[in-house]
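Working notes, structure below.
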Amino acid sequence: MNRRTLLAAGAAALAAPRAMAQDWAARGPVRIVIPFAPGGVPDIVARLVQPAMTTSLGQPVVIDNRPGAGGALAAEHVAGSAPDGQTLFMSTVSSQAVIPALTPNLRYDPVRGFTPIGLAAVVPLVMLVRADGAIRDMAGLANALKAEAGRHNFASSGVGSILHLGAELFLMKAGARAEHIPLRGSAQALAELIAGRVTFVFDALPPAMALIRDGKLRALAVGTPARSKALPEVPTMAEAGFAGVEAYTWAALYGPGGLPAAAVARLNSVLNAALAEPATAARMDELGYESRRGTPEALARHTAEEQAKWAEVVRAAGVRLEG
């Protein structure tokens, strides 16, 4: 390659981001599709990064909530959208890993149907028991479940939810059993725990935070590889003697399958810049979320690992969707 060609290639590379921004500005609003109703993890994360992304892209970024079928309806919509960077997906472990493991005949391909852009946030699951009960640590919980077989149960937000599968993963690692009580949401599960009608709940940290701080619930361990900044005194599952019990929900940005590399690079840069905003980082800490910034390649690896892990849990625990 001669000097003139090298100079031309360098100039084109420098001009690409500017051209990309101008191209986006000419197309119209960018939609971030959310697989759940307002208020869930992906919805909150999308709304936190929305203002900075709007500024960077030079075009309104709008939130499009499409709840239904555990996230499958939104996933199907995005997978069938044009790969032009105008339709994005703030997805989570449910539609990218859990639903594919539970549903053999999906109407979207959980791998080829999406282009990874970047992981945005992780939310730990936290193992909870009543604060006034006899169980004070993970060893105590496991021992009680094994010594009093048939007497214990746990609640979750529904069959096949990450709360349910996280608890099943713990039970498998502990060599214990407990009856699953599926309910209509996290709030009901926590209410049953406080009332003493279930032994434990493995819930996402944010909805449980106030109950932990008020002394109604005891946090035994978190399901993330490292301790949570929101509960630094609470050990990880591995530290508590249950290595391999990693269970958390997350929010990550994807595009439809076939999104061009230049668009992926631009959107990854915009997302990471939005996550780095001090106000955004502070709000995530306040909510008990853990901000993440990384590459599309890292998200692709993370997605594949989560798909393999939860498919194995579903198979080993014999989890089946109701109906």
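The values are calculated or read from the model by the stated rules, or taken from the named source; none is laboratory data. Remember, it's a predicted structure, so these values are computed and weren't measured experimentally. All Cβ positions, glycine included, derive from the backbone under ideal geometry; neighbour counts span all protein chains shown.
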Of the criteria (1) at pLDDT below 95; (2) in contact with a Pro (Cβ under 8 Å, 6 or more places away or on another chain), which one PRO256 fails
(1)
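Listed here are the residues, each with its yes/no results for (1) β-branched (Val, Ile, Thr); (2) at negative phi.
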| site | (1), (2) |
| --- | --- |
| VAL201 | yes, yes |
| PRO207 | no, yes |
| THR224 | yes, yes |
| ARG227 | no, yes |
| PRO232 | no, yes |
| PHE242 | no, yes |
| VAL245 | yes, yes |
| ALA251 | no, yes |
| GLY258 | no, no |
Hey, among GLY85, GLY158, which residue is in a loop (DSSP other than H, G, I, E, B), under 24 Å from VAL41 (Cβ atoms) and either of a type in the set (D, E, K, R) or not assigned by TED's automatic domain parsing to the domain that holds ARG213 (or both)?
GLY85
Test for THR224: is it out of contact with any His (no Cβ under 8 Å at 6 or more places or on another chain) and among the polar types (S, T, N, Q):
yes
Just one of the numbered conditions (1) under 30 Å from GLU179 (Cα atoms); (2) buried (at least 20 other Cβ atoms within 10 Å of the Cβ); (3) modelled with pLDDT of 95 or more is not true of LEU299; which one?
(1)
Any residue at all in the stretch 227-245 that's surrounded by 20 or more Cβ atoms within 10 Å (Cβ to Cβ) and charged (D, E, K, R)?
no
Options ALA147, ALA131; residue that is surrounded by fewer than 22 Cβ atoms within 10 Å (Cβ to Cβ), touching a residue at least 60 places away in the same chain (Cβ under 8 Å), of a type in the set (Gly, Ala, Ser) and not assigned by TED's automatic domain parsing to the domain that holds ASP43:
ALA131
Does any residue of the stretch 252-261 turn out to be assigned by TED's automatic domain parsing to the domain that holds ALA74, more than 24 Å from GLY71 (Cα to Cα) and of a type in the set (A, V, I, L, M)?
yes
